[in-house]
Amino acid sequence: MIEDQDIACSDEYVQVDCSQLSLLRQGFVCFGQKRYAAAIAFYERALQEPGQLDLEILLYLSEAYSAKHDFWQAAKTINQACDSLDESQDKGSKDFQLAIRMRQGMYNRNIGNLGQAAEGYKQAVDLYGRHEYEKRASAYGSYVLTLAGMDVPLDFFKQELFGFNDMVPGKANSQVRKRRDKVRIRIGYISSDFRHHVMYSFYYYMLFGYNRKLFHVTCYSLSVVQDGYTRQIQASVDSWRLAASLSLEELADVIRRDNIDILVDLAGHSTGSGLSVFALRPAPVQISGLGWMETTGFAATDYLLTDRYLDGVAQDYCSYISEKPLFLSSQFCYRAADDLLDVCLAPCLQNGYITFGSFNSYHKITDEMVAVWSRILLRVPESRLLLKCQVFLDEDMRQRVRERFAEHGIDSWRLILEPTTSDYMQRYLAVDIALDTYPYTGGGTTLDALYMGVPVVSRYGRRRGSRFGLSILANAGIPWLAVSDVQAYIDLAVALAGDRELLDELHLGLRTLLRRSNVMNGRKYMKELERYYVALLNY
């Protein structure tokens, strides 16, 4: 309903004109003032009036729901708009259709409706002209990012990953330029995540722990968001370029003028990625690694940072990844925050019951994961499951999760549903055993859990993105926590829940184990990485 103060300030206007257009405009005003409940009320009232603006109203209504963190209603509304668009003779401008399709992707992915999300992004790709390759490539990146969470056939997934080559026209300059800096190799890192972001823990040593005598580092930031983390990075590296407003051609020109020898992408197909600039060949050597769980599938990417658990175990890795592999001891090197609480005893010793947990994004919690986690809960009496992610700000989403688990015989009292909060790391101290997702496994969440003393049970398959847990756990010295099939995953979680003594040992010892492992050995990580940098330039 429209709030009293909104009626008071707009009653005279509404009485004069209650047409769709006037109500839509009133909704705009409220939305601009961040009074989202009032905007929703005006948009919903506009839908009740006769007129030709229903599609536009549905689009703006979905945006208001999303801004209000009513994620379920946002997706439901944009899907209604998509159905109307499909049936409409007059579909409006291309930009209008793109606005609907991109939100179809975003809002459905938020609530885990990945099939609808993938369809939205794919339709957006088809709407963009080939000359709009930057936007087209971005939409395609969102499409394959969505596919990463779906258990689609491996051959189809590979085909779609390699389809990125059709998005960006190659304009590579084949001329091999001579290095100007004869003393230091010039490394460029490109990302939209040089800020408070999960990736900070993974690229930390690249930007703070490099050999300053041998390497000159430049960061190309694709985000206008800057914070204290950004300022720390700026103070550490040799050069900083704010590139958020640059076109691909402009960005490539800046990189060339900086005489970068090796350009490293830190996002892959993740949101805000700069991967597309590789097509313009701004650097002699181009590498991808971190921020993306799969091969880029992109012919312009020369090398991929990896390790033997991700790409060396499967004998057919060369036919899977498009890049040449650069094998590190561990693809990931984790830097924990300095102000975290000490680890503590396993909470089950005080609670008297086991608390399982997953702090992964909701779109990773597939129907199969709900079924598997339900089987675990049913085999461990009185156990609870703590799920923590942003969508649980929305009561509709919390209710949806309760219904999903109820279908498998799990009562709602066994579910603890929390939104993301500032005490995220501290909340791991309430978890006995973390349960990883599949096929899109955790990365940052897995390492955060281990650092807080919580063992993580993970499942892996042939797909590279499903092996992140295996890589982390094996490199941390606890490979037995990663298994290759569903039944083994369930049995391991249940067995671990039944061994309170082992659980307590893990809770008290995992942080020390992690600190002594390859996963947190920043010096070793950088030596291996920089050895590759030198070798790739034959320097």
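For the reader, a short list of remarks on this structure follows.
- Close pairs (9 angstrom Cβ cut-off, 6 or more residues apart or separate chains): part of a loop (DSSP other than H, G, I, E, B) in the stretch 141-154, β-branched (V, I, T) anywhere: G149/T366; G149/T437; M150/T366; D151/T366
- Only one of the numbered conditions (1) farther than 25 Å from E323 by Cβ; (2) outside any strand (DSSP E or B); (3) open to solvent by 20 Å² or more (accessible area, probe 1.4 Å) is not met by V254, and that is (1).
- Subset of the stretch 350-389 that is among the polar types (S, T, N, Q) and out of contact with any Pro (no Cβ under 7 Å at 6 or more places or on another chain) - its residue that is farthest from S412 (Cα to Cα): Q350
- Evaluation of P419 against the conditions (1) surrounded by 18 or more Cβ atoms within 10 Å (Cβ to Cβ); (2) under 23 Å from the mean Cα position of the chain (by Cα) shows that the sole unmet condition is (1).
- For the stretch 358-384, taking the residues that are more than 19 Å from the chain's Cα centre (by Cα) and touching a residue at least 40 places away in the same chain (Cβ under 8 Å), the one that is surrounded by the fewest Cβ atoms within 10 Å (Cβ to Cβ) is identified as E368.
- Within the stretch 263-314, the set of residues being in contact with a helix residue (DSSP H, G or I) (Cβ under 6 Å, 6 or more places away or on another chain) and of a type in the set (K, R) is empty.
- Every residue from the stretch 228-251 that is among the hydroxyl-bearing types (S, T, Y) and assigned to a loop (DSSP other than H, G, I, E, B): S245, S247
- Scanning the stretch 465-516 for residues that are surrounded by fewer than 24 Cβ atoms within 10 Å (Cβ to Cβ) and among the β-branched types (V, I, T) yields I478, V483, V486, I490, V494, T512.
- Failed criterion for R462 (all others in (1) open to solvent by less than 30 Å² (accessible area, probe 1.4 Å); (2) at pLDDT below 95 hold): (1)
- The stretch 57-77, residues that are outside any helix (DSSP H, G or I) and buried (at least 20 other Cβ atoms within 10 Å of the Cβ): D70
- Restricting V217, V225, V198 to residues that are in a loop (DSSP other than H, G, I, E, B) and out of contact with any helix residue (DSSP H, G or I) (no Cβ under 6 Å at 6 or more places or on another chain) narrows the list to V225.
- Elements of type strands (runs of 3 or more DSSP E) in the stretch 264-347, at least 1 residues being of a type in the set (S, T, Y), touching a residue at least 60 places away in the same chain (Cβ under 8 Å) and more than 26 Å from L481 (Cβ to Cβ): 303-307
- For the stretch 271-291, the set of residues classified as within 17 Å of S223 (Cβ to Cβ) and open to solvent by less than 10 Å² (accessible area, probe 1.4 Å) consists of G274, L275, V277, L290, listed by residue number.
- Among the residues of the stretch 78-108, those that are in a helix (DSSP H, G or I), more than 22 Å from Y362 (Cβ to Cβ) and among the polar types (S, T, N, Q) comprise S84, Q97.
- The stretch 153-188, subset within 11 Å of A283 (Cα to Cα) and either modelled with pLDDT of 65 or more or within 22 Å of the chain's Cα centre (by Cα) (or both), residue most open to solvent (accessible area, probe 1.4 Å): R186
- So D316, is it modelled with pLDDT under 90 and either in contact with a strand residue (DSSP E or B) (Cβ under 9 Å, 6 or more places away or on another chain) or small (G, A, S) (or both): no
The values are calculated or read from the model by the stated rules, or taken from the named source; none is laboratory data. Quick caveat: nothing in here was measured; it's all calculated off a predicted structure. Every residue, glycine as well, gets a Cβ built from its backbone with ideal geometry; the counts of neighbours run over all protein chains shown. In case anyone asks, the SASA skips ligands and DNA or RNA and just uses the protein heavy atoms, side chains included. Shrake-Rupley method; radii C 1.70, N 1.55, O 1.52, S 1.80 Å.
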